[in-house]
Amino acid sequence: MARPPLVRPTAAKPHLDIQPGRNISGVLTVPGDKSISHRYAMLAAIAQGPTELNNYSSGQDCVSTLSCLQVLGCDWKRISGRENAIRIEGRGPELRAPARALDCGNSGSTMRMLSGIVAGQQFASQLIGDESLSQRPMARIIHPLTQMGARIWSAEGLPPLSIQGGKLKAIDYAMPVASAQVKSSILFAGLFANGVTEVAEPVRTRDHGELALRAFGAEVRQEGNRASIRGAQPLHGIEAHIPGDISAAAFFIAAAALFPGSQLTINDLLMNPTRARLLDFFGLLGTQISVLAVQQRHGELVGTLRVGGRALKGATVAGSDSAALIDELPVIAAIAPYTRDGVSISDASELRVKESDRIAVVAENLRAMGATVDERPDGLVIKGGQCLYGAQIDPHGDHRIAMAFAVAALRAQGETRIVNAAAADISYPGFFRDLNSIVER
Ligand code: S3P
């Protein structure tokens with residue numbers, strides 16, 4: 001099996017050229033789950049005692065969370081000799097007033113969830129972000145946190161946010177948008193509130209916030225689409241190994257799905273049912289999916305995934321599936337032209353307010369590769385049986401777009417150039433190396 005040498009984007013050569021592949025085979029582990037990494041780090045900061053996290057996400061977003069926590073007086077360090085292992089010194093519920101703005105970089109998770117924590121602090125904080133984050137809606141956290149008693153200033157619901165925290169009061173809040181970041185933000189704020197804070201979500205979203213709070217010792221109730229937490233519960237530090245990120249694995253699963261006969265194993269992968277609908281989706285498309293050696297760690301299911309490529313049929317993604325697959329939709333759309341019957345995605349207007357307008361950017365790049373795409377306000381309809389051609393892909397600074405089109409490029413005719421491929425570093429710095437390690441050419 002010929003594997004071409006690794007090419008990594010650098011500042012001097014920021015693009016990456018991807019050659020088509022013939023097959024996918026190999027065994028991988030992927031970086032620690034981004035959603036869990038953010039939550040464990042934030043809760044570790046306000047817990048009593050130290051926390052050790054192994055396989056903490058290597059992505060820039062999770063570094064942004066750690067930098068913000070440092071500015072809030074929480075010390076952390078990398079554990080020498082262990083890759084991606086960190087030790088966080090918990091401060092207990094009282095953080096230190098920040099001497100400078102909390103820079104959340106590109107990370108919506110950092111800004112939204114950390115807002116819930118600083119809303120409960122007896123000081124003022126300012127949260128800022130990069131150009132993309134500065135365009136992302138924050139009214140969804142401003143409303144509930146304001147109802148709890150925090151005072152928040154922002155221009156038109158966009159970052160930067162200035163938050164004057166203080167003692168909070170419990171609320172019973174029905175979230176208008178399905179967002180796990182918002183749910184976690186409210187539950188984290190609930191730790192600083194008098195009484196029991198309750199959140200109801202329109203459709204069930206990932207429950208890492210609830211599970212993480214329990215792992216750190218809090219009692220959290222979950223009933224259907226409602227979660228609740230009593231204020232003033234003490235948290236204690238933990239030792240954890242964070243499972244591999246299934247949204248990162250999605251790119252490799254999609255790559256394997258493209259080649260009938262491919263065989264891929266991904267070890268130590270997150271299998272939380274609120275995230276694993278991706279596996280059902282690929283099963284429906286025709287891909288062979290099996291899950292082995294499932295275990296539970298801090299309430300999170302973890303297992304080994306085997307993927308076997310088979311001919312791809314087609315699929316419709318709508319309703320609660322669109323929320324459950326929200327981070328995977330770019331790669332699902334990017335490979336849709338290679339399916340037999342095409343893919344139709346609706347109820348996914350949230351894609352328009354991610355790191356880029358993912359509906360528009362996916363459509364633009366698929367068209368650049370020669371596909372016919374029907375762009376809708378809340379999704380995309382992509383016919384099957386189309387041929388894609390190598391082209392220049394502009395990810396618009398969005399990590400998931402850069403990775404999605406690197407996968408689409410594997411079945412295209414000719415070479416594909418991903419401009420600013422280093423955007424992938426936001427969630428997966430070793431992505432192109434790992435992809436290269438499983439492609440047979
Ligand atoms: C996340 C929730 C989702 C997802 C994001 C991570 C989380 O965002 O797109 O990548 O960790 O809670 P929303 O909560 O905005 O849907």
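The values are calculated or read from the model by the stated rules, or taken from the named source; none is laboratory data. Please read all numbers here as calculations on a predicted model, not as lab measurements. A quick note on method: Cβ atoms are made from the backbone with ideal geometry, for glycine too, and the neighbour counts reach across all protein chains shown. Surface areas here come from the heavy atoms of the whole protein model, side chains and all, with no ligands, DNA or RNA. Shrake-Rupley method; radii C 1.70, N 1.55, O 1.52, S 1.80 Å.
If GLU350 passes every condition in (1) more than 28 Å from VAL30 (Cα to Cα); (2) surrounded by fewer than 21 Cβ atoms within 10 Å (Cβ to Cβ) but one, which one does it miss?
GLU350 satisfies all of (1) more than 28 Å from VAL30 (Cα to Cα); (2) surrounded by fewer than 21 Cβ atoms within 10 Å (Cβ to Cβ) except (1).
Looking at segment 423-441, which of the residues that are out of contact with any Asp or Glu (no Cβ under 8 Å at 6 or more places or on another chain) and β-branched (Val, Ile, Thr) is surrounded by the fewest Cβ atoms within 10 Å (Cβ to Cβ)?
ILE438
Restricting segment 345-370 to residues that are among the charged types (D, E, K, R), under 18 Å from ALA324 (Cβ atoms) and in a loop (DSSP other than H, G, I, E, B), which is farthest from the ligand (Cβ to nearest atom)?
Across segment 345-370, the extreme among qualifying residues is ASP347.
Please list, ordered by first then second residue, the pairs with beta carbon atoms under 6 Å, 6 or more apart or interchain, first in segment 198-213 and closer than 27 Å to GLY92 by Cβ, second of a type in the set (Phe, Trp, Tyr) and part of a strand (DSSP E or B).
What qualifies is VAL199/TYR173.
Tell me the residue from ALA293, ALA311, ALA360 that is more than 16 Å from the chain's Cα centre (by Cα), on the phi > 0 side of the Ramachandran plot, open to solvent by 20 Å² or more (accessible area, probe 1.4 Å) and among the aliphatic types (A, V, I, L, M), please.
From the options ALA293, ALA311, ALA360, the qualifying one is ALA293.
Look through segment 88-115, keep the residues that are more than 16 Å from the ligand (Cβ to nearest atom) and either of a type in the set (S, T, N, Q) or open to solvent by less than 10 Å² (accessible area, probe 1.4 Å) (or both), and return whichever of them is farthest from HIS208 (Cα to Cα).
Filtering segment 88-115 for residues that are more than 16 Å from the ligand (Cβ to nearest atom) and either of a type in the set (S, T, N, Q) or open to solvent by less than 10 Å² (accessible area, probe 1.4 Å) (or both), the one farthest from HIS208 (Cα to Cα) comes out as LEU102.
So GLU328 fits all but one of (1) surrounded by fewer than 24 Cβ atoms within 10 Å (Cβ to Cβ); (2) among the acidic types (Asp, Glu); (3) within 16 Å of the ligand (Cβ to nearest atom); what number is the exception?
(1)
Name every residue in segment 22-76 that is more than 13 Å from the ligand (Cβ to nearest atom), under 22 Å from THR265 (Cβ atoms) and either at pLDDT below 95 or hydroxyl-bearing (Ser, Thr, Tyr) (or both), in order of residue number.
Residues satisfying the conditions are SER25, THR29, SER58.
Looking at GLY261, GLY299, which one is within 16 Å of the ligand (Cβ to nearest atom), open to solvent by 10 Å² or more (accessible area, probe 1.4 Å) and in contact (Cβ under 8 Å) with a residue 40 or more places away in the chain?
Answer to the check: GLY299.
What helices (runs of 4 or more DSSP H) lie completely within segment 228-338 and have 1 or more residues being of a type in the set (Ser, Thr, Tyr) and at pLDDT 95 or above?
Hits in segment 228-338: 246-257, 320-324.
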